[in-house]
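> Got a structure for you, questions after.
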Amino acid sequence: MRDTPDSGSYGRSTTRERIGRTKKPANNRRHERYGMRFPVTLLFDDGEEVKGFSEDVSLSGFFVSTSYSTSMVLDRLGKGTIQLGQDSYTFHCRVSRLMPNGIGVTLNQDYAMLGLAITNHVFQELATVKLAK
């Protein structure tokens, strides 16, 4: 909708502008990526376990820096457990990218839980820093 006197929003910012989502993330992705490093364990439905560290985190998934077996395939289902401080969180996921240096996983559900887990961790870190001063 255009910002005109007839549209009813003339001179007012849209909801999208107020919450700061006016730009698309780089590379035409759905969500911004952030460089956060934390331990990740991927446990696939067939029992195979892969351990590594996150490198690239968004609200819809993360990249795990790791080595993996040649049996790894795209769309493989499993659970990813992340360790944030003393807390761990588990998410249903699928393999969405295979790179020589790791595995990209997309969450199948629990999107809000990943955001909540990271937010809680950041605030705990801030509280720890503030208490240490």
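> Order of 78-86, 41-49 by packing, highest average Cβ count within 10 Å first?
On the way: 78-86: 17.1, 41-49: 13.7.
Packing order, densest peptide first, comes out as 78-86, 41-49.
> Would you please report the Å³ per residue occupied by the convex hull of the alpha carbon atoms in segment 30-132? Can you show the working numbers first?
On the way: hull volume 10.0 nm³, N = 103.
It is 97 Å³ per residue.
> What list do you get for SER96, SER88, SER69 if you sort them by fewest beta carbons within 10 Å? Write out the running numbers ahead of the final one.
Details: SER96 16, SER88 13, SER69 7.
Ordered from fewest to most neighbouring Cβ atoms within 10 Å, SER96, SER88, SER69 come out as SER69, SER88, SER96.
> Let me ask something else about it. Which value, in debye to the nearest 20, gives the size of the charge dipole of segment 30-132 about its Cα centre, when Lys and Arg are +1 and Asp and Glu are -1 at the Cβ? Spell out each step's value before the answer.
Values: 9 positive and 11 negative charges, 44 e Å.
The dipole magnitude comes to about 220 debye.
> Find the Rg to Rh ratio for segment 77-129, where Rh is the Kirkwood radius over alpha-carbon pairs and Rg uses the same atoms.
Working: Rg = 12.9 Å, Rh = 12.2 Å.
Looking at segment 77-129, the ratio lands at 1.06.
No lab work stands behind these numbers, since they all come straight from the coordinates. Remember, predicted model here, so these are calculated numbers, not experimental data. Reconstructed Cβ throughout: ideal geometry from the backbone, glycine too, with neighbour counts over all protein chains shown.
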